[in-house]
Amino acid sequence: MTALCVIPARGGSKRIPSKNTMAFMGIPMICHSLNTAAESDLFSEIHVSTESKEIMAVAEEAGRKPDFQRPQELADDHTPLIPVLQWVLDEFRRRGRTFDSVCLLMSCAPLLNSTDLRAAYGMYEKHGGEFPVLSAARFPVPVEWAYRLDEEEFLIARKPSALTARSQDLTDAFYDAGMFAIFPTELFSDGSYKSDRPMLAHQLPAWRAVDIDTEEDLLLAEILARGIRSLNEDDDARERVDGLQNPSSSQ
């Protein structure tokens with residue numbers, strides 16, 4: 001099986017300027033994803049998809065010079081990731097290279113590790129490579145307990161009848177953790193993504209499911225990264241962490 005890893009890294013981030021190349025724990029943010037992909041030993045090609053010459057230079061310095069540059073029309077604030085992935089696969093195909101699977105790995109996922117990717121690919125292969133696998137995380141509380149804020153900032157229950165239910169009587173709910181997704185490339189074979197197949201979930205622990213979009217996310221990720229580094233220096237703590245690394249592996 002030949003696998004491609006695509007790391008989308010658009011320039012011009014507005015909420016956190018230059019977040020793909022900013023330093024995080026001593027190295028450019030995107031290099032954490034590049035290192036995770038490389039350490040997994042899963043991919044025959046790791047490609048950074050970007051229109052930014054700065055990001056291309058950082059990737060090249062890390063030993064992952066992109067084979068080609070993303071066109072500007074696929075690099076604005078409103079371009080979804082699936083068309084970007086489709087274009088990358090088509091461009092590789094035009095260059096005579098095809099792959100059996102493709103992993104869309106986010107550029108700002110510094111808490112992810114190679115064990116996550118290998119476990120997710122194990123799930124993918126267990127189901128015959130037919131179904132996409134999405135990184136997912138469990139909501140910390142039942143979604144039935146959710147509120148919204150009205151115009152005057154009063155809390156409005158989304159499901160008032162469920163507010164008195166015990167958490168153990170409600171079913172766990174999950175969300176897209178925004179870290180990675182694995183797809184069989186046949187879903188992109190005719191020029192448009194076929195989204196009719198159900199997706200499998202690779203569950204991430206909460207401390208590795210921080211999607212960095214805001215300054216608050218960035219601070220939380222740094223707090224967690226420093227905490228994990230500290231725990232790994234303590235043998236007893238590291239053993240506890242290792243036992244909780246992959247919740248989905250015990251399900």
query = Could we say that T2 is open to solvent by 50 Å² or more (accessible area, probe 1.4 Å), in contact with an Asp or Glu (Cβ under 9 Å, 6 or more places away or on another chain) and either touching a residue at least 12 places away in the same chain (Cβ under 8 Å) or farther than 22 Å from C103 by Cα (or both) here?
reply = yes
message = If G63 meets every condition in (1) closer than 21 Å to A221 by Cβ; (2) surrounded by fewer than 21 Cβ atoms within 10 Å (Cβ to Cβ); (3) of a type outside the set (D, E, K, R) apart from one, which number is that one?
response = (1)
inquiry  = With the requirement that a residue be open to solvent by less than 100 Å² (accessible area, probe 1.4 Å) and either under 29 Å from the mean Cα position of the chain (by Cα) or touching a residue at least 12 places away in the same chain (Cβ under 8 Å) (or both), what does segment 160-178 give you?
reply    = A162, L163, A165, S167, L170, D172, A173, F174, Y175, D176, A177, G178
query = Under the condition of being closer than 23 Å to D172 by Cα, outside any loop (DSSP other than H, G, I, E, B) and not basic (K, R), which residue from segment 140-154 is most open to solvent (accessible area, probe 1.4 Å)?
reply = Y147
inquiry  = Of everything in segment 194-215, what is open to solvent by less than 20 Å² (accessible area, probe 1.4 Å) and touching a Cys at 6+ places or on another chain (Cβ under 8 Å)? Give them in sequence order.
reply    = I212
remark   = Of (1) in contact (Cβ under 8 Å) with a residue 40 or more places away in the chain; (2) closer than 30 Å to R10 by Cα; (3) part of a loop (DSSP other than H, G, I, E, B), W207 fails just (3)
message = Quick check on my filter: what residues within segment 57-83 are out of contact with any Phe, Trp or Tyr (no Cβ under 6 Å at 6 or more places or on another chain), over 24 Å from E39 (Cβ atoms) and among the β-branched types (V, I, T)?
response = T79
task = Looking only at segment 30-47, decide whether some residue is part of a helix (DSSP H, G or I), in contact with a Lys or Arg (Cβ under 6 Å, 6 or more places away or on another chain) and crowded, with 16+ Cβ neighbours inside 10 Å.
result = yes
request  = Kindly indicate the residue of segment 93-128 that is among the small types (G, A, S) and open to solvent by 20 Å² or more (accessible area, probe 1.4 Å) and also nearest to S189 (Cα to Cα) among those meeting that condition.
outcome  = G96
query = Can you tell me how many residues in segment 5-29 are closer than 16 Å to E215 by Cβ, open to solvent by 10 Å² or more (accessible area, probe 1.4 Å) and not in a loop (DSSP other than H, G, I, E, B)?
reply = 1
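The values are calculated or read from the model by the stated rules, or taken from the named source; none is laboratory data. Just so it is clear, the model here is predicted, and its values are computed rather than measured. Don't worry about glycine lacking a Cβ; one is built from the backbone with ideal geometry, like all the others, and counts go over all protein chains shown. Heads up: the accessible areas ignore ligands, DNA and RNA and are worked out on the full protein's heavy atoms, side chains in. Shrake-Rupley method; radii C 1.70, N 1.55, O 1.52, S 1.80 Å.
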